[in-house]
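Q: Here it is: the structure, laid out below.
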Amino acid sequence: LERQLLMQNQMRERQTAMQIAWTREFLKYFGTFFGLATLGLTAGAIKKKNPGVLLPIVPLSFIFAYQYDMGYGTLLQRIKGEAENILDTQSTLLELPKGPLTYEDLEKIRRSQSKFFIEK
């Protein structure tokens, strides 16, 4: 059981590391796009003398800030803290519909899905 718990924790840590690495890699590409888009939109706004052209920068900046916070900021720590708060103070939100699954429930489902099972 201890080995299984250690293995599950190692898998969770590796998946989290992959998620952070993916976010950092995505941020490089999105940051480049965001920078070029900002430069282009700013040049267009100056050329057309219309500040409304800059409007797409607002949602793009939120996406950029979120990705940066996920890759290099404290977003994961804040998510972890909120998850711990939910576990400590709002555990009723985590209850499964119809309660936890039991062996009898699983057997009932298995029997109903089995074409070859003949009940005595």
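Q: Going through the stretch 7-24 one residue at a time, which ones are open to solvent by less than 80 Å² (accessible area, probe 1.4 Å) and within 12 Å of MET70 (Cα to Cα)? Explain how you work it out, then say what you get.
A: Within the stretch 7-24, the first condition is being open to solvent by less than 80 Å² (accessible area, probe 1.4 Å), and the residues that meet it are 9, 16-17, 20-21, 23.
Listed by number, the residues that qualify are THR16, ALA17, ILE20, ALA21, THR23.
Q: Here's a check for you: in the stretch 25-58, which residue that is in a loop (DSSP other than H, G, I, E, B) and of a type outside the set (A, V, I, L, M) is surrounded by the fewest Cβ atoms within 10 Å (Cβ to Cβ)? First the steps, then the outcome.
A: So the first thing to find is which residues in the stretch 25-58 are in a loop (DSSP other than H, G, I, E, B), and the list is 49-50, 55-56.
Applying the additional criterion that residues be of a type outside the set (A, V, I, L, M) yields 49-50, 56.
On the way: LYS49: 7, ASN50: 11, PRO56: 13.
The selected residue is LYS49.
Q: Another question about this same structure. Just one of the numbered conditions (1) open to solvent by 80 Å² or more (accessible area, probe 1.4 Å); (2) farther than 18 Å from GLN19 by Cα; (3) of a type in the set (A, V, I, L, M, F, W, C) is not true of ILE79; which one?
A: With (1) open to solvent by 80 Å² or more (accessible area, probe 1.4 Å); (2) farther than 18 Å from GLN19 by Cα; (3) of a type in the set (A, V, I, L, M, F, W, C) applied to ILE79, the lone miss is (2).
Q: So for the stretch 95-105 (the condition being open to solvent by less than 60 Å² (accessible area, probe 1.4 Å), out of contact with any helix residue (DSSP H, G or I) (no Cβ under 8 Å at 6 or more places or on another chain) and not small (Gly, Ala, Ser)), does at least one residue qualify? Before the answer, list the steps.
A: Step one: list which residues in the stretch 95-105 are open to solvent by less than 60 Å² (accessible area, probe 1.4 Å), which gives 99, 102, 105.
From the residues that got through so far, the ones that are out of contact with any helix residue (DSSP H, G or I) (no Cβ under 8 Å at 6 or more places or on another chain) too are 99, 102, 105.
Going one step further and asking which of them are not small (Gly, Ala, Ser), we end up with 102, 105.
Checking the stretch 95-105: at least one residue is open to solvent by less than 60 Å² (accessible area, probe 1.4 Å), out of contact with any helix residue (DSSP H, G or I) (no Cβ under 8 Å at 6 or more places or on another chain) and not small (Gly, Ala, Ser).
Results for (1) free of Cβ contacts under 8 Å to residues at least 40 places away in the same chain; (2) under 16 Å from the mean Cα position of the chain (by Cα), shown as yes or no for each residue.
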position	(1), (2)
LEU39	yes, no
PRO51	yes, no
LEU60	yes, no
TYR68	no, yes
ILE79	yes, yes
ALA83	yes, yes
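The values are calculated or read from the model by the stated rules, or taken from the named source; none is laboratory data. Keep in mind the model is a prediction, meaning the values are calculated, not measured. Virtual Cβ from ideal backbone geometry, glycine too; neighbours counted across all protein chains shown. Keep in mind that these areas ignore ligands, DNA and RNA; they rest on the heavy atoms of the full protein, side chains included. Shrake-Rupley method; radii C 1.70, N 1.55, O 1.52, S 1.80 Å.
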